[in-house]
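Comments concern the structure below.
The values are calculated or read from the model by the stated rules, or taken from the named source; none is laboratory data. Since the structure is predicted, the reported quantities are computational estimates derived from the model, not experimental observations. Heads up, the Cβs are rebuilt from the backbone with ideal geometry, glycines too, and the neighbour counts pull from every protein chain shown.
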Amino acid sequence: MPNSIIAEGRTTNEAIENGLKELNAKKEDVIINVIGNEEKRSFFSILEPTKIKVELTLKETHKPVKKISNITEEELNDSYEKVKKFAEQFFSELKINNLKLNTFIEDKKIYITVNGDNLNSLIGYRGECLNSLQVLFSSVANKEIQHKCTVILDIENYREKRKKALEELAEKIAKTVIRQKKKIELEPMTAYERKIIHTKLQDNSKVRTYSIGEEPNRRIVIELK
């Protein structure tokens, strides 16, 4: 990944957001240098589309995200045994009726699926509790290993249902943007949910998507290309 890139946008903020997305970095991780000034435009270029350029350079203290492909089989198996044991103990303590717990490894990721009676409280509003539990299990899996281990926790097939709902939402909003010719900002979502929207619309020839804002209020914008 390059340490410095040139990003473009219709405004300075949009150019910066596009650059941060490409670098997979946060604003505090980069040095920003505005190359094109949106205020200084000549008379002859006033009818041309505005294009602002910014240079984003990663600070030396910025540490790139560890890649999942770096994890060794030994680390993965060790993490799997730890998180499997922890999950069995955790859900056993909850005394869930008709509990069905399944753990497995696929594509170097650890999956935990849970089914049973009355599990809505463990999912929470739009998966908030589920996501918090996933962070907990990820912490267990990543303890005392050098590389990153990804853990996916799902309860009552919530993630697949949510994915389908978000994909349907993406298509609906895209049609609205095309019809009204106005960009639309969605409500804040997790990185996982934003990726679903981006992926669903990445091949759409009429609209584009990008993210704005800081976590946990980062959200997607859908607009005409």
Among the residues of the range 171-188, what is the count of those that are within 15 Å of the chain's Cα centre (by Cα) and surrounded by 13 or more Cβ atoms within 10 Å (Cβ to Cβ)? 2
Only one of (1) touching a residue at least 40 places away in the same chain (Cβ under 8 Å); (2) within 19 Å of the chain's Cα centre (by Cα) fails for I112. Which number is that? (2)
Give the number of residues within the range 71-103 that are among the charged types (D, E, K, R) and without any contact (Cβ under 8 Å) to a residue 12 or more places away in the chain. 6
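Listed residues E156, E144; which is surrounded by fewer than 19 Cβ atoms within 10 Å (Cβ to Cβ), of a type in the set (D, E) and in contact with a strand residue (DSSP E or B) (Cβ under 7 Å, 6 or more places away or on another chain)? Give the derivation first.
Working: E144 fails: in contact with a strand residue (DSSP E or B) (Cβ under 7 Å, 6 or more places away or on another chain).
One residue alone meets the criteria, E156.
Restricting to the range 189-213, what's the tally of residues that are part of a loop (DSSP other than H, G, I, E, B) and surrounded by 15 or more Cβ atoms within 10 Å (Cβ to Cβ)?
3
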G127 passes all but one of (1) closer than 26 Å to N24 by Cα; (2) outside any helix (DSSP H, G or I); (3) not assigned by TED's automatic domain parsing to the domain that holds R218; which number fails? (2)
So I32 passes all but one of these: (1) surrounded by fewer than 18 Cβ atoms within 10 Å (Cβ to Cβ); (2) at pLDDT 85 or above; (3) within 28 Å of A141 (Cβ to Cβ). Which condition number does it fail? (3)
Out of K164, K195, K225, report the one residue that is at pLDDT 95 or above, of a type in the set (D, E, K, R) and not assigned by TED's automatic domain parsing to the domain that holds Y80. K164
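Working only within the range 56-115, note down all residues that are of a type in the set (A, V, I, L, M, F, W, C), at pLDDT 90 or above and assigned to a helix (DSSP H, G or I). Don't jump to the end; show me each part of the working.
Looking only at the range 56-115, we keep the residues that are of a type in the set (A, V, I, L, M, F, W, C), and these are 56, 58, 65, 68, 71, 76, 83, 86-87, 90-91, 94, 96, 99, 101, 104-105, 110, 112, 114.
In the following step, the residues that additionally are at pLDDT 90 or above were identified as 76, 83, 86-87, 90-91, 94, 96, 99, 101, 104-105, 110, 112, 114.
L76, V83, F86, A87, F90, F91, listed by residue number.
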Every listed condition ((1) modelled with pLDDT of 95 or more; (2) within 24 Å of S79 (Cα to Cα); (3) of a type in the set (D, E, K, R)) holds for K143 save (1)
Looking at (1) among the basic types (K, R); (2) surrounded by 15 or more Cβ atoms within 10 Å (Cβ to Cβ); (3) in a helix (DSSP H, G or I), which one does K164 not meet, given that it meets all the others? (2)
Which of the residues belonging to the range 169-181 are free of Cβ contacts under 8 Å to residues at least 40 places away in the same chain and in contact with a helix residue (DSSP H, G or I) (Cβ under 9 Å, 6 or more places away or on another chain)? L169, E171
